[in-house]
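One structure is given below, encoded as structure tokens.
The values are calculated or read from the model by the stated rules, or taken from the named source; none is laboratory data. It should be emphasised that the depicted structure is a prediction, and the values quoted were computed from it without experimental measurement. SASA here: full protein model, heavy atoms, side chains in, ligands and nucleic acids out. Shrake-Rupley method; radii C 1.70, N 1.55, O 1.52, S 1.80 Å.
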Amino acid sequence: MENDPRNKFAIAHMVLSRLAHDQFVDKFTMGNGLKELDDFIEFLKPSRSAPNVTDEIIELLLPGRRIIELHLNNEIAMLAMIEIALWDFDKQWI
């Protein structure tokens with residue numbers, strides 16, 4: 001259960017949720033969330049039995065990954081980059 005990829009996604013989701021609600025997340029937790037999200041994306045890649053579904057899921061996860069990465073790196077233009085990431089996420093639904 002400890003290596004279950006859904007647990008990895010849960011940690012990344014918790015980090016994104018806290019960031020979305022303007023709650024403090026320390027750099028270690030953000031770094032861990034980013035790593036866990038990368039691991040989850042890598043887990044999805046080999047399962048090409050349904051490539052359309054996994055590719056779409058990965059595309060939906062990438063803007064969240066960018067948001068965590070921007071917060072972790074304290075980017076100067078973070079707000080603009082987050083807006084771009086959210087726009088990328090929104091266009092997935094168009």
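Conditions (1) open to solvent by less than 80 Å² (accessible area, probe 1.4 Å); (2) modelled with pLDDT of 75 or more; (3) at negative phi; (4) of a type in the set (Lys, Arg), marked per residue:
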| position | (1), (2), (3), (4) |
| --- | --- |
| Glu56 | no, yes, yes, no |
| Gly64 | yes, yes, yes, no |
| Leu72 | yes, yes, yes, no |
| Ala80 | yes, no, yes, no |
| Ala85 | yes, no, yes, no |
| Asp90 | no, no, yes, no |
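Which of the residues belonging to region 2-34 are at pLDDT below 85 and either at positive phi or not aliphatic (A, V, I, L, M) (or both)?
Scanning region 2-34 gives Glu2, Asn3, Asp4, Pro5, Arg6, Asn7, Lys8, Phe9, His21, Asp22, Gln23.
Check Leu44 against each of (1) among the hydrophobic types (A, V, I, L, M, F, W, C); (2) open to solvent by 60 Å² or more (accessible area, probe 1.4 Å); (3) modelled with pLDDT under 85 and name the one condition it does not meet.
(2)
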